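First comes the structure, then the notes that go with it.
The numbers here are math on the coordinates, done by the rules we state, and not lab data. The model shown is predicted, which means the values in this text are computed figures rather than measured ones. Don't worry about glycine lacking a Cβ; one is built from the backbone with ideal geometry, like all the others, and counts go over all protein chains shown.
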Amino acid sequence: MVSLAREVKKNGVLECWSNGRRDPTFQYSDIPVPHYSSTPLLQSSRGCSLISIRGLRKWFDSRRGRVEALRGIDLEVTEKEFCVLLGPSGCGKTTTLRCVAGLERPDAGELEIAGTVANSVARGIYVPTEKRDIGMVFQSYAIWPHMNVFNNVAFPLIKGRHRIPKDQIAEKVRAALKLVQLDGLEDRPATDLSGGQQQRVAMARAMVTEPKILLMDEPLSNLDARLREQMRVELKKITKAVGVTTLYVTHDQAEALSLGDKVCVMHDGEILQIAPPHEVYARPASLFVAQFVGEMNFVKGHVTGPSQVECPLGKLSLSVPTGISVSSPVTLAIRPEHVKVNAADGFPSGLSGNITSKNYLGDTALLEVEINGVTLLAKLAGDSELAVGQQAAVDLPAHRWHVFP
Ligand SMILES: Nc1ncnc2c1ncn2[C@@H]1O[C@H](COP(=O)(O)OP(=O)(O)O)[C@@H](O)[C@H]1O
Ligand SMILES: [Mg+2]
């Protein structure tokens with residue numbers, strides 16, 4: 001459920017600790033605070049990279065021992081890019097985002113924001129959150145329940161370093177509300193807003209200071225499925241229209257693929273692949289990425305020749321990545337939309353299978369086909385007339401297989 005903020009930091013940064021953190025007793029003040037550096041901002045030589053992360057490491061020490069939340073993150077986000085951090089719960093997405101925000105202090109590595117060193121552990125540099133040109137949207141929204149929409153959005157313009165003269169506030173707030181299509185709701189109490197509207201207020205508040213960088217941590221996960229999809233499209237439009245550079249965190253692979261110009265798949269404190277969405281989908285760099293992004297069929301086998309793998313489906317001629325030697329065990333992977341199923345005489349050279357289930361979804365139909373004891377999921381056009389119990393010919397094009405060690 002959506003929770004409401006109950007704390008504001010002295011420096012005017014909004015934070016909500018009641019949601020989105022796994023340790024509800026955790027307080028920001030519990031983090032050991034390294035010595036503050038008063039070093040002036042260092043100019044970097046880099047070009048259009050707005051966020052530059054190098055060798056970022058972060059660990060948490062607790063009574064249960066040390067948790068290595070980030071184990072060497074390298075990432076460049078260029079100007080106006082929409083970059084998504086995607087990965088399962090606990091892989092370090094939020095910690096990465098919080099480091100960029102300055103809410104978490106890394107234990108190693110460097111971080112530059114808009115060409116300025118914001119963090120360097122080696123050089124003892126730490127630029128506090130309020131001096132970083134960022135807007136933030138959290139899963140919890142952190143909307144102030146005792147304020148109306150206008151005052152919630154105006155908050156960063158009244159407090160903190162983005163303070164502006166009073167007579168300019170209304171114009172900025174109206175522009176931000178228009179951006180998220182909430183114009184006209186200025187006087188509405190925050191408690192009378194739907195989840196979707198609260199989400200928009202949080203967006204407007206993050207954008208009202210016109211930051212160079214927008215950080216978003218699972219901002220849509222409290223919305224129901226339909227609204228989430230709608231907001232996804234809108235979010236992309238808004239960020240593109242404004243031209244803000246965005247670092248966006250989600251565990252939802254569909255969200256990552258649809259929103260990102262670039263997707264970083266994370267696992268256990270590391271980034272496993274950084275690529276445009278279509279590439280992550282078409283060429284997963286590892287078995288984990290293949291498992292995490294999209295539907296995939298997996299078949300165990302072992303290499304029997306330079307480009308040959310033996311598995312329960314038979315001997316397949318496939319391109320085996322260099323570095324995997326003969327007789328090594330491998331996992332083969334193929335997407336359901338690449339499993340071609342036809343009437344029994346459809347593919348003379350293909351395999352023969354038995355259709356064991358059919359899930360009709362309108363535009364598509366998902367079929368389970370059993371071949372030599374292996375069940376493969378196939379995605380066919382919705383009008384396919386193949387039926388359960390039918391023998392079918394199955395074609396598994398060699399170039400569609402992925403081979404993982
Ligand atoms: N304040 C903290 N204290 C102790 N452990 C933490 C703290 N914050 C995060 N962690 C741990 O660091 C790891 C990464 O967490 P997080 O970045 O929140 O993951 P994600 O956002 O991908 O779900 C997890 O194992 C989490 O339990
Ligand atoms: Mg998280």
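My understanding is that a pair violates if its Cα-Cα distance is over 21 Å; which of 212/236; 159/236; 178/236 do that in this structure? Walk me through the numbers on the way to the answer.
Working: 212/236 16 Å; 159/236 28 Å; 178/236 16 Å.
Over 21 Å apart, Cα to Cα: 159/236.
Around residue 127, what is the net charge, scoring Lys/Arg as +1 and Asp/Glu as -1 over all other residues with Cβ under 15 Å from its Cβ?
Once all neighbours under 15 Å are counted, the net charge is +2.
At q = 0.07 Å⁻¹, what is the base-10 log of I(q)/I(0) for the chain according to the Debye formula with one equal point scatterer per Cα and no solvent? Please give it to two decimals.
Log10 I(q)/I(0), no solvent term: -0.42.
Where the only charges are on Cβ atoms (+1 Lys, Arg; -1 Asp, Glu), what is the dipole of segment 82-150 about its Cα centre, to the nearest 20 debye?
Result for segment 82-150 is approximately 80 debye, rounded to the nearest 20.
Using only Cα atoms and rounding to the nearest 10 degrees, what angle (0 to 90) does helix 225-242 make with the longest principal axis of the chain?
In the chain, helix 225-242 runs at an angle near 60 degrees to the longest axis.
Report ³J(HN,Hα) in whole Hz for each residue of segment 383-388, in order, from the Karplus equation J = 6.51 cos²θ - 1.76 cosθ + 1.60 where θ = phi - 60°; Gly and Pro get x.
For segment 383-388, the Karplus curve yields 8, 4, 9, 4, 10, 4 Hz.
What's the magnitude of the charge dipole for segment 297-404 around its Cα centre, counting Lys and Arg as +1 and Asp and Glu as -1 at the beta-carbon? Answer in Debye, nearest 20. Mind dumping the intermediate values first?
Numbers: 7 positive and 9 negative charges, 72 e Å.
Using only the charged Cβ atoms, the result is roughly 340 debye.
With charges only on Cβ, +1 for K and R and -1 for D and E, what is the dipole size of segment 7-282 about its Cα centre, in debye, rounded to 20?
Working: 37 positive and 34 negative charges, 104 e Å.
Charge dipole, segment 7-282, about its Cα centre: 500 debye, nearest 20.
Taking the simple approach of a point 7 Å from Cα along Cα-to-Cβ for both residue 192 and residue 324, what is their distance in nm?
In this crude label model, residue 192 to residue 324 measures out at 6.1 nm.
Calculate, in nm to one decimal, what residue 315 and residue 391 gain on full extension: separation in residues at 0.36 nm each, minus their alpha carbon distance.
The residue 315-residue 391 span can extend by a further 25.2 nm.
Among 217, 363, 252, whose mean-square fluctuation peaks in a Gaussian network model of the chain (Cα, cutoff 10 Å)?
363
As I understand it, the dipole of the chain uses +1 on the Cβ of Lys and Arg and -1 on the Cβ of Asp and Glu, about the Cα centre. Which of 248, 231, 274 lies farthest toward its positive end?
In the chain, that residue is 248.
In a shell of Cβ-Cβ distance under 15 Å around residue 360, excluding residue 360 itself, what net charge do Lys and Arg (+1) and Asp and Glu (-1) give? Let's see the in-between values first.
Numbers: positive: 358, 379; negative: 363, 368, 383, 385.
In short, -2.
Find how much the distance from residue 372 to residue 268 grows on full extension, using 0.36 nm per residue of separation minus their present alpha carbon separation; answer in nm with one decimal.
On the way: separation 104, 0.36 × 104 = 37.44 nm, distance 3.57 nm.
Gain on stretching residue 372 to residue 268: 33.9 nm.
Lysines within cross-link reach of residue 358: Cα-Cα under 22 Å, excluding same-chain residues under 8 positions apart?
Excluding near neighbours in sequence, the set is 340, 379.
Tell me, what ³J(HN,Hα) does each residue in segment 146-163 have, in order and in whole Hz, if you take phi through Karplus 6.51 cos²θ - 1.76 cosθ + 1.60 with θ = phi - 60° and put x for Gly and Pro?
8, 10, 7, 4, 4, 5, 4, 6, 6, 3, x, 8, 9, 10, x, 7, 8, 3
Could you sort the peptides 193-202, 134-143, 54-63 by per-residue average Cβ neighbour count (10 Å cutoff), highest mean leading? Don't skip to the end; give the middle numbers.
On the way: 193-202: 21.2, 134-143: 25.1, 54-63: 15.1.
Final packing ranking: 134-143, 193-202, 54-63.
Among 203, 219, 176, whose Cα lies farthest out toward the positive end of the dipole of segment 166-294, if unit charges sit on the beta carbon of Lys, Arg (+1) and Asp, Glu (-1)?
176
On a 0 to 90° scale, report how tilted helix 195-207 is relative to the longest principal axis of the chain, with both axes built from alpha carbons and the result rounded to the nearest 10.
60
Given H placed on each backbone N at 1.01 Å, which residues far from residue 121 in sequence or on other chains put an amide H within less than 5 Å of it?
Distant-sequence amide H within range of residue 121: 109.
Taking K and R as +1 and D and E as -1, what net charge do the other residues with C-beta under 11 Å from the C-beta of residue 244 add up to?
Details: positive: 80, 212, 240; negative: 79, 81, 133, 210.
Its environment carries a net charge of -1.
Starting with the fewest neighbours, write out 191, 322, 364 ranked by other beta-carbon atoms found within 10 Å of each beta-carbon. Working shown, then result.
Details: 191 13, 322 6, 364 16.
In increasing order of surrounding Cβ atoms, one gets 322, 191, 364.
Could you give the angle, 0 to 90 degrees to the nearest 10, between helix 166-179's Cα long axis and the longest principal axis of the Cα atoms of the chain?
With both axes taken from Cα atoms, the answer is about 10 degrees.
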